[in-house]
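The values are calculated or read from the model by the stated rules, or taken from the named source; none is laboratory data. It should be emphasised that the depicted structure is a prediction, and the values quoted were computed from it without experimental measurement. All Cβ positions, even for glycine, are placed from backbone atoms using ideal geometry, and neighbour counts span all protein chains on display.
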Amino acid sequence: MLDKSPIRFSVAGASYSLKDGHWRVLAPSVRLQNGADVSVFTAAWVTGRSTPAGLSGDMTGLSGSLGAVPLSASQGAGRWRVMQAGLRFDGKMMIADRQAEPRFFPLLADAIQLRLTGTQMRGEALLREPKSGALVSTLALQHNLSDGRGSAQLGVEKLSFNDSLQPEAISPVTLGVVANVQGSLRGQGRIDWTPQGVTSSGRFSTDGLDFAAAFGPVTGLSGDINFTDLLGLVTATGQQVRLASVNPGVLVSDGQVRYHILPGYKLQVEGGRWPFAGGALVLEPTLLNMAQASDRRLTFAVEGLDAGRFIAAMQFENITATGTYDGHLPMIFDAAGGRIEGGRLVARGGGTLSYVGDVSNWDLGLISRFAFDALKSMRYDRLSIDLNGAIDGDVITRISFAGVNQAPIEGGRTKLPIKILGASNLPFVFNVTITAKFRQLFDMARSFNDPSILINRFIPKLEPVPRPAAPEPKLVHPAESSPKP
């Protein structure tokens with residue numbers, strides 16, 4: 001037959017000293033039941049004595065759970081005493097998540113001040129990450145043993161992440177999502193419970209977090225986040241953060257991202273936007289599962305990129321261009337890193353392109369010199385750039401454009417035995433393939449000092465450019481460093 005009494009108390013043993021009045025209870029256990037609401041408390045030892053001020057003593061090995069409160073206590077130790085106002089406990093213990101798959105790792109609750117008056121329990125504590133001792137949150141709790149209702153207030157004044165404390169030390173949810181976090185956050189949360197269930201909410205903010213993510217380094221993330229389910233990490237729609245910079249392969253600054261978090265740790269990206277070279281880089285909506293290792297797909301749309309501003313920002317030497325570009329950069333991030341699959345930028349209409357670097361003549365073929373003359377001033381009517389490959393490895397970039405030359409072909413340079421010397425508005429089609437590390441691609445373009453390789457890629461079927469074994473020549477020189485006779 002089941003014991004349905006509301007209170008059950010048991011001990012494994014007890015002793016009492018007639019000499020000084022000290023007593024000791026081994027493995028006491030208390031079970032309180034109110035309908036389906038059950039509270040259980042156990043201890044390894046409870047010691048005490050009677051004094052004119054009342055009963056007092058020590059308690060070790062305290063553990064238990066309180067009704068529907070989604071927390072459990074263990075390894076508790078401290079002093080207790082019974083006063084006219086009721087029972088008081090001061091000490092420390094470990095606080096853990098009661099869920100089968102914990103949402104946070106156990107925290108050390110110290111400076112505990114717990115009061116029990118009749119059926120009303122109230123308490124305060126400081127919650128710390130146990131290894132570093134860093135203060136995570138303050139806790140203020142109240143619970144009514146008679147009806148099983150209660151609440152907890154969480155206060156985060158300044159939770160700082162640095163080399164001593166990272167988010168994965170507090171919650172397993174962030175493991176593999178962010179790393180090397182620097183910065184702090186603040187906010188408050190509330191948890192309410194009844195015998196029927198638990199609800200929670202919270203609001204947190206940061207003025208600036210820096211971290212590494214799968215899609216690249218992020219600096220200056222700032223904004224507020226409002227949780228409709230704090231324990232489940234679920235938010236309302238329309239959350240927004242600002243990012244000072246993010247580098248998924250190309251550094252962009254001053255962006256905004258809208259998102260919300262769904263149950264099951266799924267991140268719904270509603271969209272993002274960054275100003276980019278006179279246009280915009282737009283993060284398209286996507287759903288990311290943060291609870292498991294899987295491919296994470298982000299697609300960036302390029303809108304209205306201005307070629308001239310882009311080249312000026314990248315400080316490309318000896319190159320000028322005009323034109324407006326749109327396109328998409330689909331990116332996939334997994335355990336192996338990130339890669340671009342099917343990236344493409346296309347000119348909206350026409351534009352101009354000019355390469356005006358000095359070129360030494362002794363190692364260039366006939367068609368190569370001809371192509372360099374054409375590149376001095378080109379007007380194109382179509383241009384496209386295709387990108388594929390790992391952003392931390394080799395990315396294959398294919399550039400195709402067609403147009404006409406605007407500057408006359410110099411006969412003294414080309415020495416062509418045909419009657420087009422000095423002609424302009426000749427049609428050209430260029431195709432170039434560049435294989436390089438994506439994050440270094442623009443630096444490579446800035447320091448490019450061997451354009452014969454580029455020309456050879458432009459026209460591989462027309463004329464291979466022979467290369468001497470030694471010495472290795474430098475084929476493009478600034479005017480002041482050109483070889484002198």
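Residue count for region 110-132 under the criterion of being under 24 Å from L230 (Cβ atoms), over 25 Å from the mean Cα position of the chain (by Cα) and small (G, A, S): the result is 3. Of all residues in region 46-68, which are within 52 Å of the chain's Cα centre (by Cα) and either more than 19 Å from G91 (Cβ to Cβ) or aromatic (F, W, Y) (or both)? Result: G67, A68. Applying the criterion of being touching a Ser or Thr at 6+ places or on another chain (Cβ under 8 Å) and buried (at least 18 other Cβ atoms within 10 Å of the Cβ) to the residues of region 108-127, the residue that is farthest from G86 (Cα to Cα) is L127.
Restricted to region 1-37, and to residues that are of a type in the set (S, T, N, Q), at pLDDT 85 or above and in contact with a Ser or Thr (Cβ under 8 Å, 6 or more places away or on another chain), which residue is surrounded by the most Cβ atoms within 10 Å (Cβ to Cβ)? Among those residues, the one meeting the criterion is S29. Please work out if R88 is closer than 22 Å to I191 by Cβ, of a type in the set (K, R) and out of contact with any helix residue (DSSP H, G or I) (no Cβ under 8 Å at 6 or more places or on another chain). Here the answer is no, as R88 does not meet what is asked.
Take G189 and tell me if it is touching a residue at least 12 places away in the same chain (Cβ under 8 Å) and under 29 Å from the mean Cα position of the chain (by Cα). Judged against the criteria, G189 is a match. One residue alone among L141, L116, L126, L145 is out of contact with any helix residue (DSSP H, G or I) (no Cβ under 6 Å at 6 or more places or on another chain), farther than 18 Å from S39 by Cβ and either touching a residue at least 24 places away in the same chain (Cβ under 8 Å) or not charged (D, E, K, R) (or both), and that residue is L126.
When K158 is tested against the conditions (1) closer than 25 Å to R258 by Cβ; (2) surrounded by fewer than 18 Cβ atoms within 10 Å (Cβ to Cβ), the lone failure is (1). Out of the residues in region 38-48 meeting the condition of being in a strand (DSSP E or B) and modelled with pLDDT of 90 or more, tell me which one is farthest from G78 (Cα to Cα). Selected residue: V40.
The residues on offer are V252, V302, V269, V257, and the sole one that is modelled with pLDDT under 85 and either within 22 Å of the chain's Cα centre (by Cα) or surrounded by 19 or more Cβ atoms within 10 Å (Cβ to Cβ) (or both) is V252. Conditions first: (1) of a type in the set (S, T, N, Q); (2) modelled with pLDDT of 90 or more; (3) within 30 Å of R103 (Cβ to Cβ). S245 passes all but one, so which condition is the exception? With (1) of a type in the set (S, T, N, Q); (2) modelled with pLDDT of 90 or more; (3) within 30 Å of R103 (Cβ to Cβ) applied to S245, the lone miss is (3).
The residues listed here are V82, V136, V40; of these, the one that is of a type in the set (V, I, T) and buried (at least 18 other Cβ atoms within 10 Å of the Cβ) is V136. Counting the residues of region 179-210 that are closer than 19 Å to R258 by Cβ and aromatic (F, W, Y) gives 1. Those residues that are free of Cβ contacts under 8 Å to residues at least 24 places away in the same chain and β-branched (V, I, T), I need them from region 47-90; list them, please. Those that are free of Cβ contacts under 8 Å to residues at least 24 places away in the same chain and β-branched (V, I, T): T51, T60. Residues that are touching a residue at least 40 places away in the same chain (Cβ under 8 Å) and either assigned to a strand (DSSP E or B) or closer than 21 Å to N247 by Cβ (or both) within region 285-301 comprise M290, R296, L298, F300, listed in sequence order. Residues of region 286-299 being of a type in the set (S, T, Y) and at pLDDT 85 or above, which ones? Across region 286-299, the qualifying residues are T286, T299.
The condition (being of a type in the set (A, V, I, L, M, F, W, C) and under 41 Å from the mean Cα position of the chain (by Cα)) is satisfied by just one residue among A43, A77: A77. For region 305-322, a residue qualifies if it is at pLDDT 85 or above, part of a strand (DSSP E or B) and of a type outside the set (D, E, K, R), and exactly one does: L305. For region 339-367, the tally of residues that are at pLDDT 65 or above and either more than 42 Å from the chain's Cα centre (by Cα) or of a type outside the set (D, E) (or both) stands at 17. Looking across region 179-195, just one residue is in contact with a Ser or Thr (Cβ under 9 Å, 6 or more places away or on another chain) and hydroxyl-bearing (S, T, Y), and that is S184. Put simply, of L114, L87, L126 the only residue that is at pLDDT 95 or above and part of a strand (DSSP E or B) is L126. Contact map, region 336-347: first residue farther than 16 Å from P248 by Cβ, second residue hydroxyl-bearing (S, T, Y) and in a strand (DSSP E or B), Cβ cut-off under 6 Å, separation 6 or more or different chains; pairs are V346/S384; A347/Y325. Flag not set for Q153, criterion: touching a strand residue (DSSP E or B) at 6+ places or on another chain (Cβ under 9 Å) and more than 21 Å from G232 (Cα to Cα).
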